[in-house]
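The values are calculated or read from the model by the stated rules, or taken from the named source; none is laboratory data. These numbers were taken from a predicted model, which means no experiment stands behind them. Here Cβ is always computed from backbone atoms with ideal geometry, including for glycine, and neighbour counts include all displayed protein chains. With ligands, DNA and RNA removed, areas are computed over all heavy atoms of the protein, side chains included. Shrake-Rupley method; radii C 1.70, N 1.55, O 1.52, S 1.80 Å.
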Amino acid sequence: VNTIIVNIFTICKHMKFSEDVMNTAIEYLKRFFLKQSVYDFDAIDIMYAAVYLAVKIEEANFSLLEFAKITKCDASKVVQNEAFII
């Protein structure tokens with residue numbers, strides 16, 4: 001999970017998100033994996049969903065399609081995994 005946290009930091013710095021977005025995404029990721037096993041879910045997919053959910057919560061105003069294009073992730077997996085995080 002620590003490697004994924006470093007990836008969150010990198011994504012947030014690259015996309016110029018605030019520290020609030022980064023910290024919220026990290027907390028979502030940690031909270032999720034306190035309850036779920038890393039073996040049951042793809043940690044990278046959960047990471048992208050946590051970052052995008054943090055973007056929405058902290059009102060960073062970034063569209064899902066833009067986010068998916070820049071991070072090269074699957075937008076449908078982001079939406080699907082958001083429900084698991086919440």
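Figures for the structure shown
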| quantity | calculated |
| --- | --- |
| 10 Å Cβ shell holding at most 15 others, DSSP loop, trypsin sites (Lys or Arg not before Pro): longest site-free stretch of the chain | 17-71 |
| Accessible area of the stretch 17-86 belonging to carbon and sulfur atoms, whole % at 1.4 Å probe | 51 percent |
| Label point distance in nm, Leu65-Lys13, each placed 7 Å from Cα along Cα→Cβ | 3.1 nm |
| Eligible aspartates and glutamates near Lys72 by straight Cα distance, threshold 14 Å, same-chain separation 8 or greater | Asp45 |
| Dipole of the chain [Lys/Arg +1, Asp/Glu -1 at C-beta], most positive-end residue of Leu53, His14, Ala75 | His14 |
| With all protein chains modelled, accessible area of Leu34 [1.4 Å, Å²] | 150 Å² |
| Nearest-ten-degree value, helix 43-57 long axis tilted from longest Cα axis of the chain | 50 degrees |
| Answer label for P(r) over Cα pairs in 10 Å bins from 0, in percent (calculated), chosen among (1) 15, 49, 28, 6, 1; (2) 15, 38, 32, 13, 2, 0; (3) 19, 59, 21, 0 | (3) |
| Test item: Cα-centred dipole of the chain, Lys/Arg +1 and Asp/Glu -1 on Cβ, debye | 140 debye |
| The chain - accessible surface per residue (Å², probe 1.4 Å) | 62 Å² |
